[in-house]
């Protein structure tokens, strides 16, 4: 059977919200962590969880969850959407352009603030590399003081 227009529209709206929430989640994960290793482990966990649905679909398609689910998943794979010829050919490029422009504006704003030194306002920074992290990097450990600024007023 063919789904109703509202079902098609709802699926696209929900997928858009899923993508937006994924970006918000990524931002929160990055901002809450203190070290790079924690960020990598968080993203590894997110990748694992996001791959569970693909694994479940693969197992269902191959009959591990019963014949009814196998038939249903294979029916999903056989569905082909007809090519629509409509007068709103401009809608998709417009939406794509709006999303791309908003991302570029945000990127430019963050880049300009970074160049002004807004994200690095401390006067000193402390590095402490222990042997458990990397034994050959212990000579880098210590307190570093920023006394000079470059042409963009960033600490050097």
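The ranking of 61, 115 by Cβ neighbour count inside 10 Å, starting from the fewest, reads 115, 61. Neighbour counting of Cβ atoms within 10 Å sorts the residues 31, 103, fewest neighbours leading, into 31, 103.
Rule-based calculations on the coordinates, nothing more; no lab input. A quick note: this is a predicted structure, and the numbers were derived from the prediction, not measured. Every residue, glycine as well, gets a Cβ built from its backbone with ideal geometry; the counts of neighbours run over all protein chains shown.
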